[in-house]
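Have a look at the structure below before the remarks.
The values are calculated or read from the model by the stated rules, or taken from the named source; none is laboratory data. No experiment lies behind these values; they were computed from the predicted model shown. Here the Cβ positions follow ideal geometry from the backbone for every residue, glycine too, while neighbour counts run over all protein chains shown.
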Amino acid sequence: MPLTASDLQAIWLTLQVATLTTVILALIGTPLAWWLARTRSWLKTPLGTLVALPIVLPPSVLGFYLLVAMGPNGPVGHWTASWGLGYLPFTFPGLVVASVFYSLPFMVQPVHNAMEAMGARPLEVAASLRASRLDTFFSVVLPLCRPGLVTGAIMSFAHTVGEFGVVLMVGGNIPGVTRVVSVQIYDHVEAMEYGDAHRLAAVMLGFSFVCLLALQLYNHRHKRRAA
Amino acid sequence: MPKPVRPLTALLFSALVHSATQAAEAQVAVAANFAEPIKAIAAVLEKTTGHTLKITLGSTGKLYAQIRNGAPFDVLLAADTKTPEALEKDGLAQPGSRFTYATGKLVLWSADASKVDAQGEVLKSAGLRKLAYAAPKVAPYGAAAVQAMDKLGLAAALAPKLVQGESIGQTFSFVYTGNADVGFVALSQVLEGGKLKSGSMWVVPQTLYSPIRQDAVVLKKAAGNEAAQALVKLLQSPNIQDLIRSYGYGI
């Protein structure tokens, strides 16, 4: 069951986008989740809502606004151009930026839930032992919230791999740069290359199944250990 | 019977009678380059006959795949001659219903009024950032763009600048938003009333690509659909042909 060279290229590209997106989301999403879990600011509810938006927004809405915002007439476009970075649509970094928006809730929400579930008690204990805030965060909060972090990372990765609409709208379908697996499958179907479409789609199906299975097994084991 | 219900029932009843006796509806699959004209034509059709059209836009290849997989269209307005022919061969179209409703022209267009010169020299300029064209496998205008770039001997030089839209409609959106500085689109997309709406363009000489003859075909599902019949008749009427020409098509 051989995949074509362009299929392999699309798979490699997809893995790169998803990995980079997941790393960026872990770096942005974890502090954001922490802030959401601890703050008493009135901004908590509107910001939490904003983070959740990509779950309900059609990718076409996200894709359209990103295309407009990142283009030469949009604010992001002005900003990237003034820094000599050019414009983001049709580029690999553009794809990563779009994916970060697209997958943000899939990272923030599990981490946020884990942090809320942890409660204030461990923090009070750490404080009574005179641990600094930063130390508490790294030695207490992160280890206690590991299941949430693992879930968030796997969900962000899998969700980015499965991204379609946003990439289609801002990607420009350039082989090796923006043509990810989902678009490649779409291309095969459009061109009625059903055999190629089948093979690549089967790979995608297998991958998604394994991802979710791994997540389930991890959660089961963790619950058993916690019980 | 409470009072407010009566007018409502009357309204519903009259709507039922109306739809049963006169106005029919046809589902039409339309190649994206013909988006503007078909809207105008649908308005004329509704005004003169009461029939309405439900329009689905897309690349010709995509629409073909949808029809092959059972999409419930009555009429296809393709961007080529090959697809309607294939549908006839597949037994999905009414035999002998094919006709040419327009001949498309390819244009190099930019949303920037000073970008495209009258000779298309911009294609050779180093300042060109991104060039959009439609996926040649499914969009005839994309295939024509490839031919033109080949004939100009620019295919290799332009390759790193290319971005591909899924249809001529998406290609247009890339250029319209300025994300691609120029793009090969359909003349019909940039003209209104025979004049350039905005930006700058070069009408690609027809010696650089084979003519984009666009055929329509009536599909099997349309048997007995009055709206579909009326649309076909309308498309061949002199008035509508003038309207189609005003969007930059030949016929």
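Here are a few things to note about the model shown:
- Candidate set from segment B:119-144 (those that are more than 14 Å from chain A (Cβ to nearest Cβ), of a type in the set (A, V, I, L, M, F, W, C) and over 16 Å from the mean Cα position of the chain (by Cα)); member that is surrounded by the fewest Cβ atoms within 10 Å (Cβ to Cβ): B:A126
- Candidate set: segment A:65-79, residues that are in contact with a helix residue (DSSP H, G or I) (Cβ under 7 Å, 6 or more places away or on another chain) and assigned to a helix (DSSP H, G or I); chosen: the one nearest to the other protein chains (Cβ to nearest Cβ): A:L67
- The residues listed here are B:D112, B:D90; of these, the one that is acidic (D, E), within 14 Å of another protein chain (Cβ to nearest Cβ) and surrounded by 15 or more Cβ atoms within 10 Å (Cβ to Cβ) is B:D112.
- Within segment A:189-202, residues that are within 10 Å of another protein chain (Cβ to nearest Cβ) sit with their Cβ atoms under 7 Å from residues that are among the β-branched types (V, I, T) and crowded, with 16+ Cβ neighbours inside 10 Å, at 6+ positions apart or across chains, in these pairs: A:E190/B:V138; A:A191/B:V138.
- Any hit, segment A:157-178, residues being within 14 Å of chain B (Cβ to nearest Cβ), without any contact (Cβ under 8 Å) to a residue 60 or more places away in the chain and touching a helix residue (DSSP H, G or I) at 6+ places or on another chain (Cβ under 9 Å): yes
- Condition check for A:L67: among the aliphatic types (A, V, I, L, M), crowded, with 21+ Cβ neighbours inside 10 Å and within 26 Å of B:K161 (Cβ to Cβ): yes
- All of (1) away from chain A (no Cβ under 13 Å); (2) aliphatic (A, V, I, L, M); (3) outside any loop (DSSP other than H, G, I, E, B) hold for B:V163 with one exception: (1).
- Filter result for the condition that a residue is in contact with a Leu (Cβ under 9 Å, 6 or more places away or on another chain), surrounded by fewer than 20 Cβ atoms within 10 Å (Cβ to Cβ) and either at pLDDT 95 or above or over 17 Å from A:A10 (Cβ atoms) (or both), over A:T151, A:T136, A:T160: A:T136
- Selection from segment B:101-133 of residues that are among the polar types (S, T, N, Q) and within 18 Å of B:S173 (Cβ to Cβ): B:S110
- One residue from A:S60, A:S41, A:S6 being of a type in the set (G, A, S) and part of a loop (DSSP other than H, G, I, E, B): A:S41
- Selected residue (only one of B:F99, B:F73 is aromatic (F, W, Y), surrounded by fewer than 18 Cβ atoms within 10 Å (Cβ to Cβ) and either under 20 Å from B:A228 (Cβ atoms) or free of Cβ contacts under 8 Å to residues at least 24 places away in the same chain (or both)): B:F99
- Against the list (1) within 30 Å of A:Y87 (Cβ to Cβ); (2) in contact (Cβ under 8 Å) with a residue 40 or more places away in the chain, the condition B:E121 fails is (2).
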